[in-house]
Amino acid sequence: MTPQSTRQSLTQIAKLIGNSIKLACETRPLVSMLQEAVRCSRRAEGVEYAIRDVIVKAEEVRRTGKRIINLNIGDPVKYGFDTPPHIKEAMKKAVDSGKNYYSASEGVKELREAVAEKENTANHAHIEASNIVITQGISEAITFLMAAMVNPGDEILVPGPCYSPYLTYAKFFDGTPITYRTKEEEGWAPDLDDLESKITEKTRLIVVINPSNPTGSVYSKQELSRILEIAASHNLPVAADEIYDRITYEDKFTSVASLAKETPILGLNGFSKAYLMTGWRLGYIYVQDPTGRLKHVWDGIEKMSRVRLCASTPAQIAGVAALTGPQTHIPEMVRKLKERRDFALKRIRAIPRFSATTPKGAFYNFPKVDLQGTRWSNDNQFVTELLKETGVLTVHGSGFDPTYGSGHFRSVFLADEPMLAEAFDLIESFMKQHS
């Protein structure tokens with residue numbers, strides 16, 4: 001074959017290939033020729049967590065060179081509060097002495113006993129160690145709670161606004177979270193009439209978050225007693241998230257379990273906040289159920305604890321030291337937080353279009369922003385523009401409930417006064433410029 005005939009043959013082959021590709025593209029969509037992307041499950045696709053989702057936006061802003069002032073996540077350790085030395089030493093000793101194996105799925109026996117002692121003594125509950133499952137943070141306890149309680153179509157009553165994983169996990173397990181109103185004008189106290197009006201034949205559970213994330217409210221003994229009366233009259237259990245039980249200012253904390261008689265209680269708590277062990281991921285869920293109505297639910301929670309094996313064994317051993325060792329860091333931490341709360345509140349209330357109630361517990365402010373007549377159509381847009389222009393990172397209130405959180409934002413007052421002052425100087429300048 002001559003060079004010329006070879007070139008002609010190659011040209012003809014190329015033309016045939018080109019025509020074949022053209023014909024294929026004309027007769028079926030190009031996407032069908034390629035491997036289609038695997039679809040995400042509907043459950044995972046719908047997952048939202050406003051507190052950390054805003055970090056994605058913050059990273060985009062950070063890449064532009066702007067400094068970020070983080071007022072978004074409730075992690076005291078990030079702001080100079082340190083895990084007490086005796087807890088760290090217990091962790092080191094556990095690791096060095098070889099306690100690095102799987103524990104019992106329900107938790108280390110000594111820790112479950114220490115939790116029972118704490119809850120019965122400090123919070124006046126009535127539980128035994130066998131009523132407790134140790135979890136990987138309170139987040140896993142919420143997952144266990146919703147997985148064991150929710151069937152498709154079930155409704156869960158949660159305070160509005162509330163810690164957003166309660167909304168997320170209720171939906172994840174094909175349930176519907178229904179928010180009952182809390183009254184901002186009364187320090188975010190629960191609207192008990194609204195709560196009772198929202199109970200239907202589909203309602204499975206009433207959730208109480210006390211002290212509250214995101215509002216910092218602390219429910220009174222009378223309010224909690226009334227919630228228990230409502231639950232009893234409708235034959236419903238109550239779940240009580242009490243992770244901020246040791247962080248209150250003016251108002252005294254009362255545990256739901258201390259007031260319950262025959263109403264079954266599922267209590268959730270952990271070590272992240274009061275014991276400054278956020279990254280250690282240690283929490284627990286307990287059941288107080290004198291009549292045994294939650295027997296099958298508790299069986300389900302224990303089964304789920306087995307599937308995920310166990311919480312960190314060394315962290316659990318350190319948890320024993322946290323509960324049984326010195327507690328002196330707690331009042332000192334609360335004293336500092338109260339000073340920072342008061343400073344932050346004073347600054348917030350001096351900013352145009354801002355108003356805020358006084359948080360009585362936890363370490364969050366939840367200010368309202370008057371958006372009427374401004375450039376911002378909603379609270380999400382407001383916190384996004386605030387971040388882009390000033391570098392101050394907060395969380396939009398609608399992320400904690402589209403109804404009762406709308407028009408607000410959450411900021412932590414964990415930072416020291418100079419950092420808070422810098423942040424609020426920027427926020428005040430931003431508001432004066434745009435409103």
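Overview of results
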| read-out | value |
| --- | --- |
| Segment 173-188: number of residues that are among the small types (Gly, Ala, Ser) and touching an Asp or Glu at 6+ places or on another chain (Cβ under 6 Å) | 1 |
| Among the candidates 132, 206, residue that is at pLDDT 95 or above, out of contact with any Pro (no Cβ under 8 Å at 6 or more places or on another chain) and assigned by TED's automatic domain parsing to the domain that holds residue 265 | 132 |
| When residues of segment 187-219 are limited to those that are polar (S, T, N, Q) and either within 18 Å of the chain's Cα centre (by Cα) or not in a helix (DSSP H, G or I) (or both), the one surrounded by the fewest Cβ atoms within 10 Å (Cβ to Cβ) | 200 |
| Any chance residue 398 is over 23 Å from residue 422 (Cα atoms), crowded, with 19+ Cβ neighbours inside 10 Å and polar (S, T, N, Q) | yes |
| Per-region count, segment 296-325, residues in a helix (DSSP H, G or I) and in contact with a strand residue (DSSP E or B) (Cβ under 7 Å, 6 or more places away or on another chain) | 5 |
| Filter result for the condition that a residue is over 26 Å from residue 338 (Cα atoms), of a type in the set (Asp, Glu) and outside the structural domain of residue 247 (by TED's automatic domain parsing), over 379, 416 | 379 |
| Of all residues in segment 57-72 being among the β-branched types (Val, Ile, Thr) and surrounded by fewer than 18 Cβ atoms within 10 Å (Cβ to Cβ), the one that is farthest from residue 392 (Cα to Cα) | 64 |
| Test for residue 90: is it aliphatic (A, V, I, L, M) and touching a Pro at 6+ places or on another chain (Cβ under 9 Å) | yes |
| From the options 384, 374, 357, residue that is surrounded by 16 or more Cβ atoms within 10 Å (Cβ to Cβ), assigned to a loop (DSSP other than H, G, I, E, B), of a type in the set (Ser, Thr, Tyr) and more than 18 Å from the chain's Cα centre (by Cα) | 357 |
| Residues that are over 29 Å from residue 108 (Cβ atoms), of a type outside the set (A, V, I, L, M) and not in a loop (DSSP other than H, G, I, E, B), drawn from segment 129-167 | 155, 159, 160 |
| Residues of segment 63-113 satisfying the condition of being small (Gly, Ala, Ser), farther than 30 Å from residue 417 by Cβ and either in a loop (DSSP other than H, G, I, E, B) or within 25 Å of the chain's Cα centre (by Cα) (or both) | 97, 98, 103, 104, 105, 107 |
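The values are calculated or read from the model by the stated rules, or taken from the named source; none is laboratory data. These numbers were taken from a predicted model, which means no experiment stands behind them. In this analysis, Cβ positions are derived from the backbone assuming ideal geometry, glycine residues included, and neighbour counts consider all displayed protein chains.
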